[in-house]
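Heads up, the thing below is written out as structure tokens.
The numbers here are math on the coordinates, done by the rules we state, and not lab data. Since the structure is predicted, the reported quantities are computational estimates derived from the model, not experimental observations. As a convention, Cβ positions derive from the backbone with ideal geometry for all residues, glycine included, and neighbour counts pool all protein chains shown.
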Amino acid sequence: MIRRSAGLGIAGGVLAGVLVACGGGGDGNGNGGAETTSPPAGGGDKTATRVDVDMKDFTLQLSKKTFTAGDYTFVAKNNGSQDHALEIEGLGGEEKTRTLAPGESANLDVTLRDGTYKVYCPVDAHDDLGMKTQITVGGGPADENTTNRPGYGG
């Protein structure tokens with residue numbers, strides 16, 4: 001009787017080990033219970049220029065200062081203690097990330113043309129608290145429809 005109980009205990013332990021090794025558990029979305037808080041090393045479009053965006057309460061810091069027309073992957077990392085997002089607005093369009101909890105990251109793939117763009121946090125009034133910057137792409141004049149709008153310095 002003792003041998004059979006011991007055998008069942010060992011079999012149960014082996015089964016539990018197999019389930020853990022195969023990703024048992026999870027969040028119901030096929031994510032295995034783990035959440036990625038940073039983008040993959042090569043994230044975004046392979047031909048795009050990477051721009052890291054450090055978001056804190058209440059500043060935005062871009063890793064790149066000069067821009068030429070082309071494809072970019074903005075890698076937004078929320079290093080603050082509040083929720084943040086990244087939005088890029090200009091030349092008649094806008095693109096933004098989902099809202100990021102502290103510690104989360106997201107990639108924002110955009111194609112920039114010559115002109116002026118507002119880069120900011122659209123959550124609550126964070127841009128009014130200083131979470132914004134302006135970038136100029138290329139050396140040509142910006143599109144007059146964006147430079148004359150509030151937030152573009154024109």
*What nm value, rounded to one decimal, do you get for the distance between SER63 and ARG50 when each label is placed 7 Å out toward the C-beta?*
0.5 nm
_If you split all Cα-Cα distances of segment 49-103 into 5 Å bins from zero, what percentages do you get per bin, shortest first?_
5, 18, 28, 26, 15, 7, 1
_With N set to the number of residues, divide the alpha-carbon radius of gyration of segment 89-138 by 2.2 N^0.38 Å and report two decimals._
1.22
